[in-house]
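Right, one structure below, let's go through it.
The values are calculated or read from the model by the stated rules, or taken from the named source; none is laboratory data. In this text, all values refer to a predicted model and were calculated from it rather than measured experimentally. We place every Cβ from the backbone using ideal geometry, glycine too, and count neighbours over all the protein chains shown.
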Amino acid sequence: MPANVREIKGRMKAVGNIERITKTMQMIATARFQAMQRRAVAAQAYTRKIAEVVSELADSVKGDQGAASPLLQKPENATGKVALLVLTSNRGLCGGYNANIIRAVNGFFKEHEDVHLEVSGKKGNAYFKFIGKQVDVYHDEFDDSPTYEEVEAVANTYMNDFVAGKYDAVYVIYTAFISMAKQEAQALQLLPMQPPEGEGSGEVKGEAMYDFSPEPEELLAELLPVTVKTRLYQCFNESLVSEQLSRMVAMKAATDSAGKMKKSLGRQYNRARQSAITTELSEIIGGAAALDQ
Amino acid sequence: MPSTATFQCSLVTPGAQVLDEKIVYASIPAHDGQIGVEHLCAPMLVKLGYGHLRLDLADGSSESYFVGGGFVQMKDDVLSIITDEACPAADIRANEAEKQLEDLISAEAKTGVEKEQHDKAVQRARARVAVAKGH
(Lines give C-alpha, C1' and ligand atoms only; values in the text may rest on other atoms or scores of the structure.)
Protein backbone atom coordinates (compact mmCIF):
# COMPACT_ATOMS: atom_id res chain seq x y z
CA MET A 1 0.00 0.00 0.00
CA PRO A 2 1.52 3.37 -1.00
CA ALA A 3 2.40 5.81 1.79
CA ASN A 4 -0.26 8.35 0.69
CA VAL A 5 -3.08 5.79 0.83
CA ARG A 6 -1.92 4.54 4.21
CA GLU A 7 -1.81 8.07 5.56
CA ILE A 8 -5.35 8.80 4.34
CA LYS A 9 -6.59 5.56 5.88
CA GLY A 10 -5.03 6.52 9.22
CA ARG A 11 -6.69 9.92 9.09
CA MET A 12 -10.05 8.32 8.24
CA LYS A 13 -9.75 6.11 11.29
CA ALA A 14 -8.85 9.07 13.52
CA VAL A 15 -11.75 11.17 12.21
CA GLY A 16 -14.11 8.19 12.70
CA ASN A 17 -12.99 7.92 16.33
CA ILE A 18 -13.50 11.64 16.86
CA GLU A 19 -16.98 11.40 15.34
CA ARG A 20 -17.87 8.56 17.70
CA ILE A 21 -16.63 10.54 20.71
CA THR A 22 -18.42 13.77 19.76
CA LYS A 23 -21.62 11.86 19.03
CA THR A 24 -21.47 10.25 22.48
CA MET A 25 -20.80 13.65 24.05
CA GLN A 26 -23.75 15.07 22.15
CA MET A 27 -26.00 12.33 23.51
CA ILE A 28 -24.73 12.91 27.07
CA ALA A 29 -25.26 16.67 26.70
CA THR A 30 -28.79 16.06 25.40
CA ALA A 31 -29.65 13.86 28.39
CA ARG A 32 -28.12 16.39 30.81
CA PHE A 33 -29.88 19.27 29.10
CA GLN A 34 -33.24 17.54 29.53
CA ALA A 35 -32.52 16.82 33.19
CA MET A 36 -31.40 20.43 33.82
CA GLN A 37 -34.44 21.79 32.04
CA ARG A 38 -36.75 19.63 34.14
CA ARG A 39 -35.00 20.93 37.25
CA ALA A 40 -35.25 24.54 36.10
CA VAL A 41 -38.96 24.12 35.30
CA ALA A 42 -39.56 22.57 38.72
CA ALA A 43 -37.79 25.50 40.40
CA GLN A 44 -39.76 28.00 38.34
CA ALA A 45 -43.00 27.18 40.21
CA TYR A 46 -41.39 28.34 43.47
CA THR A 47 -39.87 31.48 41.90
CA ARG A 48 -43.19 32.36 40.25
CA LYS A 49 -45.14 31.96 43.47
CA ILE A 50 -42.65 34.06 45.44
CA ALA A 51 -42.82 36.81 42.80
CA GLU A 52 -46.63 36.66 42.93
CA VAL A 53 -46.71 37.01 46.71
CA VAL A 54 -44.17 39.87 46.67
CA SER A 55 -46.27 41.61 44.05
CA GLU A 56 -49.42 41.20 46.19
CA LEU A 57 -47.57 42.57 49.20
CA ALA A 58 -46.18 45.51 47.25
CA ASP A 59 -49.79 46.48 46.52
CA SER A 60 -50.64 46.39 50.19
CA VAL A 61 -47.55 48.06 51.63
CA LYS A 62 -48.13 51.73 51.08
CA GLY A 63 -45.79 54.71 51.11
CA ASP A 64 -42.12 54.33 51.95
CA GLN A 65 -42.61 51.46 54.35
CA GLY A 66 -41.92 48.91 51.65
CA ALA A 67 -38.86 50.74 50.39
CA ALA A 68 -37.39 50.87 53.89
CA SER A 69 -35.73 47.47 53.52
CA PRO A 70 -31.91 47.75 53.41
CA LEU A 71 -31.93 45.35 50.47
CA LEU A 72 -33.74 47.92 48.34
CA GLN A 73 -31.40 50.86 48.95
CA LYS A 74 -27.79 51.68 48.23
CA PRO A 75 -25.71 51.90 51.41
CA GLU A 76 -25.51 55.42 52.89
CA ASN A 77 -21.72 55.56 52.81
CA ALA A 78 -21.06 54.47 49.24
CA THR A 79 -17.61 52.92 48.83
CA GLY A 80 -17.74 52.67 45.04
CA LYS A 81 -16.98 48.97 45.31
CA VAL A 82 -19.23 46.39 43.68
CA ALA A 83 -19.28 42.61 43.97
CA LEU A 84 -19.49 40.51 40.84
CA LEU A 85 -20.23 36.79 40.63
CA VAL A 86 -19.34 35.22 37.30
CA LEU A 87 -20.98 31.91 36.43
CA THR A 88 -18.88 29.86 34.00
CA SER A 89 -18.66 26.15 33.31
CA ASN A 90 -16.44 23.53 34.88
CA ARG A 91 -15.89 21.78 31.56
CA GLY A 92 -15.02 22.93 28.06
CA LEU A 93 -16.25 21.83 24.63
CA CYS A 94 -19.37 23.96 24.91
CA GLY A 95 -18.90 26.30 21.97
CA GLY A 96 -18.95 30.02 22.73
CA TYR A 97 -20.61 29.62 26.14
CA ASN A 98 -17.64 30.76 28.27
CA ALA A 99 -16.35 33.23 25.65
CA ASN A 100 -19.68 35.09 25.73
CA ILE A 101 -19.59 35.30 29.52
CA ILE A 102 -16.00 36.58 29.46
CA ARG A 103 -16.93 39.20 26.86
CA ALA A 104 -19.72 40.40 29.17
CA VAL A 105 -17.30 40.46 32.13
CA ASN A 106 -14.78 42.55 30.18
CA GLY A 107 -17.58 45.00 29.33
CA PHE A 108 -18.50 45.11 33.02
CA PHE A 109 -14.88 45.92 34.01
CA LYS A 110 -14.95 48.93 31.67
CA GLU A 111 -17.96 50.34 33.53
CA HIS A 112 -16.85 49.50 37.08
CA GLU A 113 -13.37 50.09 38.43
CA ASP A 114 -13.41 48.66 41.93
CA VAL A 115 -14.76 45.13 41.59
CA HIS A 116 -14.73 42.32 44.13
CA LEU A 117 -14.56 39.37 41.76
CA GLU A 118 -16.06 36.00 42.59
CA VAL A 119 -16.03 33.15 40.10
CA SER A 120 -17.86 29.86 39.85
CA GLY A 121 -16.58 27.34 37.31
CA LYS A 122 -13.07 26.12 36.47
CA LYS A 123 -13.06 27.74 33.03
CA GLY A 124 -13.64 31.24 34.37
CA ASN A 125 -11.06 30.77 37.10
CA ALA A 126 -8.48 29.54 34.56
CA TYR A 127 -9.16 32.53 32.30
CA PHE A 128 -8.68 35.11 35.07
CA LYS A 129 -5.50 33.33 36.18
CA PHE A 130 -4.27 33.44 32.58
CA ILE A 131 -4.83 37.19 32.18
CA GLY A 132 -3.43 37.85 35.66
CA LYS A 133 -6.65 39.17 37.19
CA GLN A 134 -7.04 38.38 40.86
CA VAL A 135 -10.08 36.30 41.75
CA ASP A 136 -11.16 37.25 45.28
CA VAL A 137 -13.34 34.19 45.87
CA TYR A 138 -13.41 31.04 43.80
CA HIS A 139 -16.54 28.96 44.39
CA ASP A 140 -15.49 25.37 43.74
CA GLU A 141 -18.40 23.99 45.76
CA PHE A 142 -20.81 24.05 42.84
CA ASP A 143 -20.89 20.93 40.70
CA ASP A 144 -23.22 20.09 37.83
CA SER A 145 -26.33 20.48 39.94
CA PRO A 146 -26.00 23.05 42.74
CA THR A 147 -28.62 22.70 45.45
CA TYR A 148 -30.80 25.51 46.74
CA GLU A 149 -29.03 25.28 50.12
CA GLU A 150 -25.60 25.84 48.50
CA VAL A 151 -26.88 28.84 46.54
CA GLU A 152 -28.69 30.13 49.62
CA ALA A 153 -25.42 30.22 51.58
CA VAL A 154 -23.77 32.38 48.89
CA ALA A 155 -26.82 34.68 48.69
CA ASN A 156 -26.80 35.10 52.48
CA THR A 157 -23.14 36.17 52.38
CA TYR A 158 -23.90 38.77 49.70
CA MET A 159 -26.90 40.12 51.61
CA ASN A 160 -24.93 40.37 54.87
CA ASP A 161 -21.99 42.09 53.15
CA PHE A 162 -24.29 44.43 51.26
CA VAL A 163 -26.25 45.43 54.36
CA ALA A 164 -22.93 45.93 56.21
CA GLY A 165 -21.97 48.45 53.51
CA LYS A 166 -19.08 46.45 52.05
CA TYR A 167 -20.41 46.84 48.51
CA ASP A 168 -22.59 49.40 46.76
CA ALA A 169 -24.13 46.72 44.56
CA VAL A 170 -23.95 43.01 43.81
CA TYR A 171 -24.10 41.74 40.22
CA VAL A 172 -24.21 38.31 38.64
CA ILE A 173 -23.03 37.65 35.11
CA TYR A 174 -24.68 34.49 33.84
CA THR A 175 -26.15 33.03 30.66
CA ALA A 176 -29.87 33.68 30.50
CA PHE A 177 -31.89 30.95 28.84
CA ILE A 178 -34.32 32.93 26.70
CA SER A 179 -35.36 30.18 24.31
CA MET A 180 -33.98 27.04 22.67
CA ALA A 181 -32.53 29.27 19.97
CA LYS A 182 -31.33 32.14 22.14
CA GLN A 183 -29.13 32.25 25.23
CA GLU A 184 -27.55 35.51 26.27
CA ALA A 185 -24.76 36.46 28.67
CA GLN A 186 -26.31 39.06 30.98
CA ALA A 187 -25.34 41.14 34.00
CA LEU A 188 -28.11 40.98 36.60
CA GLN A 189 -28.19 43.44 39.49
CA LEU A 190 -28.93 41.26 42.47
CA LEU A 191 -28.57 44.00 45.09
CA PRO A 192 -29.91 46.58 45.72
CA MET A 193 -33.11 44.95 44.51
CA GLN A 194 -35.44 46.72 42.18
CA PRO A 195 -38.45 47.77 44.31
CA PRO A 196 -41.18 45.16 43.86
CA GLU A 197 -43.99 46.28 41.61
CA GLY A 198 -47.64 45.57 42.30
CA GLU A 199 -49.83 43.79 39.79
CA GLY A 200 -52.10 46.77 39.30
CA SER A 201 -51.83 50.49 39.75
CA GLY A 202 -51.03 50.24 43.42
CA GLU A 203 -54.65 50.10 44.48
CA VAL A 204 -55.69 47.25 46.69
CA LYS A 205 -58.12 45.21 44.68
CA GLY A 206 -61.41 43.99 46.06
CA GLU A 207 -60.62 40.30 45.77
CA ALA A 208 -57.25 40.69 47.39
CA MET A 209 -58.30 42.04 50.78
CA TYR A 210 -55.91 39.80 52.63
CA ASP A 211 -55.64 38.81 56.21
CA PHE A 212 -51.95 39.25 56.88
CA SER A 213 -50.02 37.51 59.57
CA PRO A 214 -47.65 39.09 60.56
CA GLU A 215 -48.15 42.65 59.24
CA PRO A 216 -47.50 43.16 55.49
CA GLU A 217 -44.32 45.20 56.15
CA GLU A 218 -42.90 42.38 58.23
CA LEU A 219 -43.93 39.80 55.64
CA LEU A 220 -42.30 41.81 52.88
CA ALA A 221 -39.11 42.11 54.92
CA GLU A 222 -39.12 38.31 55.26
CA LEU A 223 -39.87 37.78 51.58
CA LEU A 224 -37.22 40.07 50.08
CA PRO A 225 -34.25 37.89 51.12
CA VAL A 226 -36.11 34.86 49.74
CA THR A 227 -36.52 36.72 46.44
CA VAL A 228 -32.76 37.39 46.30
CA LYS A 229 -32.04 33.71 46.94
CA THR A 230 -34.52 32.47 44.33
CA ARG A 231 -33.17 34.94 41.74
CA LEU A 232 -29.63 33.71 42.30
CA TYR A 233 -30.82 30.09 42.18
CA GLN A 234 -32.58 30.83 38.91
CA CYS A 235 -29.33 32.30 37.51
CA PHE A 236 -27.52 29.07 38.34
CA ASN A 237 -30.28 26.95 36.82
CA GLU A 238 -30.47 28.97 33.61
CA SER A 239 -26.67 28.91 33.29
CA LEU A 240 -26.63 25.13 33.59
CA VAL A 241 -29.40 24.67 31.04
CA SER A 242 -27.62 27.06 28.63
CA GLU A 243 -24.28 25.29 29.15
CA GLN A 244 -25.69 21.89 28.29
CA LEU A 245 -27.55 23.31 25.31
CA SER A 246 -24.35 24.99 24.04
CA ARG A 247 -22.45 21.74 24.48
CA MET A 248 -25.17 19.84 22.66
CA VAL A 249 -25.06 22.26 19.72
CA ALA A 250 -21.25 22.33 19.65
CA MET A 251 -21.01 18.55 19.70
CA LYS A 252 -23.62 18.21 16.98
CA ALA A 253 -21.62 20.63 14.81
CA ALA A 254 -18.43 18.66 15.56
CA THR A 255 -20.13 15.35 14.70
CA ASP A 256 -21.47 16.78 11.42
CA SER A 257 -18.04 18.20 10.53
CA ALA A 258 -16.35 14.90 11.32
CA GLY A 259 -18.92 13.10 9.13
CA LYS A 260 -18.23 15.47 6.24
CA MET A 261 -14.48 15.13 6.70
CA LYS A 262 -14.80 11.35 6.73
CA LYS A 263 -16.73 11.44 3.46
CA SER A 264 -14.16 13.73 1.82
CA LEU A 265 -11.29 11.56 3.10
CA GLY A 266 -13.10 8.49 1.72
CA ARG A 267 -13.14 10.08 -1.72
CA GLN A 268 -9.47 11.01 -1.45
CA TYR A 269 -8.67 7.47 -0.33
CA ASN A 270 -10.53 5.88 -3.25
CA ARG A 271 -8.86 8.26 -5.69
CA ALA A 272 -5.39 7.54 -4.28
CA ARG A 273 -6.07 3.79 -4.23
CA GLN A 274 -7.32 3.87 -7.84
CA SER A 275 -4.31 5.85 -8.95
CA ALA A 276 -1.99 3.36 -7.20
CA ILE A 277 -3.78 0.47 -8.98
CA THR A 278 -3.52 2.27 -12.34
CA THR A 279 0.20 2.89 -11.80
CA GLU A 280 0.73 -0.75 -10.84
CA LEU A 281 -1.20 -1.99 -13.88
CA SER A 282 0.69 0.26 -16.27
CA GLU A 283 3.93 -0.96 -14.74
CA ILE A 284 2.87 -4.61 -15.26
CA ILE A 285 1.71 -3.94 -18.85
CA GLY A 286 4.89 -1.98 -19.55
CA GLY A 287 7.00 -4.80 -18.09
CA ALA A 288 5.14 -7.47 -20.12
CA ALA A 289 5.53 -5.44 -23.33
CA ALA A 290 9.25 -5.09 -22.68
CA LEU A 291 9.57 -8.89 -22.23
CA ASP A 292 7.70 -9.55 -25.52
CA GLN A 293 10.15 -7.42 -27.41
CA MET B 1 -70.32 18.76 59.98
CA PRO B 2 -67.04 19.24 58.08
CA SER B 3 -67.25 20.62 54.56
CA THR B 4 -66.64 18.22 51.69
CA ALA B 5 -66.28 20.93 49.03
CA THR B 6 -62.88 20.86 47.39
CA PHE B 7 -60.41 23.57 46.46
CA GLN B 8 -57.06 23.62 44.67
CA CYS B 9 -53.88 23.34 46.69
CA SER B 10 -50.29 23.52 45.54
CA LEU B 11 -47.24 22.79 47.65
CA VAL B 12 -43.99 24.07 46.18
CA THR B 13 -40.37 23.95 47.30
CA PRO B 14 -37.30 25.43 45.54
CA GLY B 15 -36.55 22.01 44.05
CA ALA B 16 -39.98 20.80 42.96
CA GLN B 17 -43.71 21.14 42.93
CA VAL B 18 -44.52 18.56 45.57
CA LEU B 19 -48.30 18.56 45.21
CA ASP B 20 -50.94 20.21 43.04
CA GLU B 21 -54.31 18.65 43.81
CA LYS B 22 -57.86 19.23 44.96
CA ILE B 23 -58.21 19.04 48.72
CA VAL B 24 -61.01 19.44 51.23
CA TYR B 25 -59.04 20.64 54.24
CA ALA B 26 -55.54 21.80 55.16
CA SER B 27 -54.05 22.02 58.61
CA ILE B 28 -51.11 24.40 58.36
CA PRO B 29 -48.36 25.23 60.87
CA ALA B 30 -48.38 29.03 60.74
CA HIS B 31 -45.66 31.04 62.52
CA ASP B 32 -48.02 31.67 65.44
CA GLY B 33 -49.90 28.39 65.64
CA GLN B 34 -51.79 25.80 63.63
CA ILE B 35 -54.48 27.10 61.26
CA GLY B 36 -57.15 25.27 59.28
CA VAL B 37 -58.17 26.11 55.73
CA GLU B 38 -61.37 25.02 54.02
CA HIS B 39 -63.22 25.76 50.80
CA LEU B 40 -63.99 29.49 50.32
CA CYS B 41 -61.68 30.57 53.10
CA ALA B 42 -60.96 34.34 53.16
CA PRO B 43 -57.85 35.52 51.30
CA MET B 44 -54.80 35.40 53.51
CA LEU B 45 -51.05 35.72 53.43
CA VAL B 46 -49.40 34.02 56.35
CA LYS B 47 -45.85 33.22 57.34
CA LEU B 48 -45.23 29.52 57.86
CA GLY B 49 -43.55 28.09 60.89
CA TYR B 50 -41.92 24.69 61.37
CA GLY B 51 -44.25 21.79 61.84
CA HIS B 52 -46.84 19.34 60.65
CA LEU B 53 -48.79 20.07 57.48
CA ARG B 54 -51.82 17.85 56.89
CA LEU B 55 -53.71 17.89 53.65
CA ASP B 56 -57.01 16.01 53.35
CA LEU B 57 -57.39 15.11 49.69
CA ALA B 58 -60.61 14.94 47.72
CA ASP B 59 -60.44 11.12 47.53
CA GLY B 60 -60.62 10.85 51.31
CA SER B 61 -56.94 10.14 51.91
CA SER B 62 -54.58 12.38 53.87
CA GLU B 63 -51.01 13.49 53.23
CA SER B 64 -48.70 14.60 56.01
CA TYR B 65 -45.53 16.63 55.62
CA PHE B 66 -42.96 18.33 57.74
CA VAL B 67 -42.59 21.89 56.47
CA GLY B 68 -39.69 24.13 57.36
CA GLY B 69 -40.78 27.75 57.03
CA GLY B 70 -42.11 29.72 54.10
CA PHE B 71 -45.39 31.39 53.21
CA VAL B 72 -49.03 30.49 52.67
CA GLN B 73 -51.31 32.31 50.29
CA MET B 74 -55.05 31.73 50.00
CA LYS B 75 -56.60 33.58 47.10
CA ASP B 76 -59.58 32.90 44.83
CA ASP B 77 -60.09 29.55 46.57
CA VAL B 78 -56.57 28.45 45.66
CA LEU B 79 -54.17 27.58 48.46
CA SER B 80 -50.45 27.99 47.74
CA ILE B 81 -47.96 26.71 50.27
CA ILE B 82 -44.49 28.00 49.44
CA THR B 83 -41.92 26.36 51.66
CA ASP B 84 -38.16 25.79 51.84
CA GLU B 85 -38.64 22.18 52.80
CA ALA B 86 -41.50 19.70 52.53
CA CYS B 87 -40.62 16.23 53.71
CA PRO B 88 -43.26 13.47 53.86
CA ALA B 89 -43.84 12.72 57.55
CA ALA B 90 -43.53 8.98 56.90
CA ASP B 91 -39.95 9.50 55.67
CA ILE B 92 -38.75 11.01 58.95
CA ARG B 93 -37.31 8.52 61.42
CA ALA B 94 -37.99 9.49 65.00
CA ASN B 95 -34.68 8.18 66.40
CA GLU B 96 -32.63 10.02 63.76
CA ALA B 97 -34.59 13.22 64.30
CA GLU B 98 -34.10 12.93 68.07
CA LYS B 99 -30.37 12.38 67.67
CA GLN B 100 -30.15 15.43 65.42
CA LEU B 101 -31.97 17.48 68.05
CA GLU B 102 -29.66 16.23 70.83
CA ASP B 103 -26.59 17.08 68.73
CA LEU B 104 -27.92 20.56 68.07
CA ILE B 105 -28.71 21.18 71.73
CA SER B 106 -25.23 20.09 72.78
CA ALA B 107 -23.57 22.27 70.12
CA GLU B 108 -22.65 25.79 71.21
CA ALA B 109 -23.15 28.98 69.25
CA LYS B 110 -20.76 31.86 69.92
CA THR B 111 -21.78 35.02 68.05
CA GLY B 112 -25.20 36.66 68.01
CA VAL B 113 -25.89 35.62 64.42
CA GLU B 114 -24.79 32.07 65.14
CA LYS B 115 -27.06 31.95 68.20
CA GLU B 116 -30.01 33.12 66.16
CA GLN B 117 -29.33 30.47 63.52
CA HIS B 118 -28.75 27.86 66.21
CA ASP B 119 -32.07 28.68 67.90
CA LYS B 120 -33.86 28.37 64.58
CA ALA B 121 -32.16 25.03 63.89
CA VAL B 122 -33.17 23.72 67.34
CA GLN B 123 -36.74 24.90 66.80
CA ARG B 124 -36.80 23.16 63.42
CA ALA B 125 -35.35 19.94 64.84
CA ARG B 126 -37.93 19.95 67.68
CA ALA B 127 -40.74 20.32 65.15
CA ARG B 128 -39.26 17.45 63.12
CA VAL B 129 -39.21 15.18 66.16
CA ALA B 130 -42.81 16.12 66.95
CA VAL B 131 -43.91 15.35 63.37
CA ALA B 132 -42.02 12.04 63.38
CA LYS B 133 -43.61 10.97 66.67
CA GLY B 134 -47.05 12.20 65.82
CA HIS B 135 -47.20 10.34 62.57
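Could you say which residue among A:A42, A:A51 is within 14 Å of chain B (Cβ to nearest Cβ), closer than 15 Å to A:L240 by Cβ and aliphatic (A, V, I, L, M)?
Details: A:A51 fails: closer than 15 Å to A:L240 by Cβ.
Result of the check over A:A42, A:A51: A:A42.
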Here's a check for you: in the stretch A:92-105, which residue that is at pLDDT below 95 and of a type outside the set (A, V, I, L, M) is nearest to A:R247 (Cα to Cα)? A:C94
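From the list A:K110, A:K182, which one is over 22 Å from A:Q234 (Cβ atoms) and out of contact with any helix residue (DSSP H, G or I) (no Cβ under 6 Å at 6 or more places or on another chain)? Lay out the reasoning, then the answer.
On the way: A:K182 fails: over 22 Å from A:Q234 (Cβ atoms).
The match here is A:K110.
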Kindly evaluate B:L48 against the criterion of being in contact (Cβ under 8 Å) with a residue 60 or more places away in the chain, assigned to a strand (DSSP E or B) and not hydroxyl-bearing (S, T, Y). no
Residue tally, condition free of Cβ contacts under 8 Å to residues at least 12 places away in the same chain, more than 14 Å from chain B (Cβ to nearest Cβ) and either of a type in the set (D, E, K, R) or in contact with a helix residue (DSSP H, G or I) (Cβ under 6 Å, 6 or more places away or on another chain) (or both), over the stretch A:1-39: 4
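So, in the stretch B:12-52, of the ones that are under 11 Å from B:E85 (Cβ atoms) and touching a helix residue (DSSP H, G or I) at 6+ places or on another chain (Cβ under 7 Å), which residue ends up farthest from the other protein chains (Cβ to nearest Cβ)? Walk me through how you get there before you give the answer.
Keep residues of the stretch B:12-52 that are under 11 Å from B:E85 (Cβ atoms), which gives B:13-15, B:18, B:48, B:50.
Right, trim to touching a helix residue (DSSP H, G or I) at 6+ places or on another chain (Cβ under 7 Å) and you get B:13-15, B:50.
Numbers: B:T13: 6, B:P14: 4, B:G15: 6, B:Y50: 14 Å.
Of everything passing the filter in the stretch B:12-52, B:Y50 is farthest from the other protein chains (Cβ to nearest Cβ).
Could you check the stretch A:206-258 and list, in sequence order, the residues that are assigned to a helix (DSSP H, G or I), within 22 Å of B:M44 (Cα to Cα) and among the hydrophobic types (A, V, I, L, M, F, W, C)? Give the derivation first.
To start, the set of residues in the stretch A:206-258 that are assigned to a helix (DSSP H, G or I) comprises A:206-208, A:216-258.
Filter once more, keeping what is within 22 Å of B:M44 (Cα to Cα): A:206-208, A:216-227.
Hits for the stretch A:206-258 are A:A208, A:L219, A:L220, A:A221, A:L223, A:L224, A:V226.
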Of those in the stretch A:232-290 that are hydrophobic (A, V, I, L, M, F, W, C) and without any contact (Cβ under 8 Å) to a residue 24 or more places away in the chain, the residue nearest to A:S89 (Cα to Cα) is A:I277
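Quick test for you: out of B:K115, B:K110, B:K75, pick the one residue that is over 13 Å from the mean Cα position of the chain (by Cα), among the basic types (K, R) and at pLDDT 90 or above. Don't jump to the end; show me each part of the working.
Details: B:K115 fails: at pLDDT 90 or above; B:K110 fails: at pLDDT 90 or above.
Testing whether each residue is over 13 Å from the mean Cα position of the chain (by Cα), among the basic types (K, R) and at pLDDT 90 or above leaves just B:K75.
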I need the full set of residues from the stretch A:16-50 which are over 20 Å from the mean Cα position of the chain (by Cα) and more than 23 Å from A:K252 (Cβ to Cβ), in order please. A:A45, A:Y46, A:R48, A:K49, A:I50
Any idea how many residues of the stretch B:53-77 are within 11 Å of another protein chain (Cβ to nearest Cβ) and out of contact with any Phe, Trp or Tyr (no Cβ under 7 Å at 6 or more places or on another chain)? 7
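Yes/no per residue for (1) free of Cβ contacts under 8 Å to residues at least 12 places away in the same chain; (2) closer than 30 Å to B:L40 by Cα; (3) within 18 Å of the chain's Cα centre (by Cα):
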residue: B:S61; (1), (2), (3): yes, yes, yes
residue: B:G68; (1), (2), (3): no, yes, yes
residue: B:F71; (1), (2), (3): no, yes, yes
residue: B:T83; (1), (2), (3): no, yes, yes
residue: B:P88; (1), (2), (3): no, yes, yes
residue: B:R126; (1), (2), (3): no, no, yes
Out of everything in the stretch B:89-103 that is of a type outside the set (A, V, I, L, M) and surrounded by 13 or more Cβ atoms within 10 Å (Cβ to Cβ), what residue ends up being farthest from the other protein chains (Cβ to nearest Cβ)? B:E98
Kindly evaluate B:V37 against the criterion of being part of a strand (DSSP E or B), surrounded by 17 or more Cβ atoms within 10 Å (Cβ to Cβ) and in contact with a strand residue (DSSP E or B) (Cβ under 7 Å, 6 or more places away or on another chain). yes
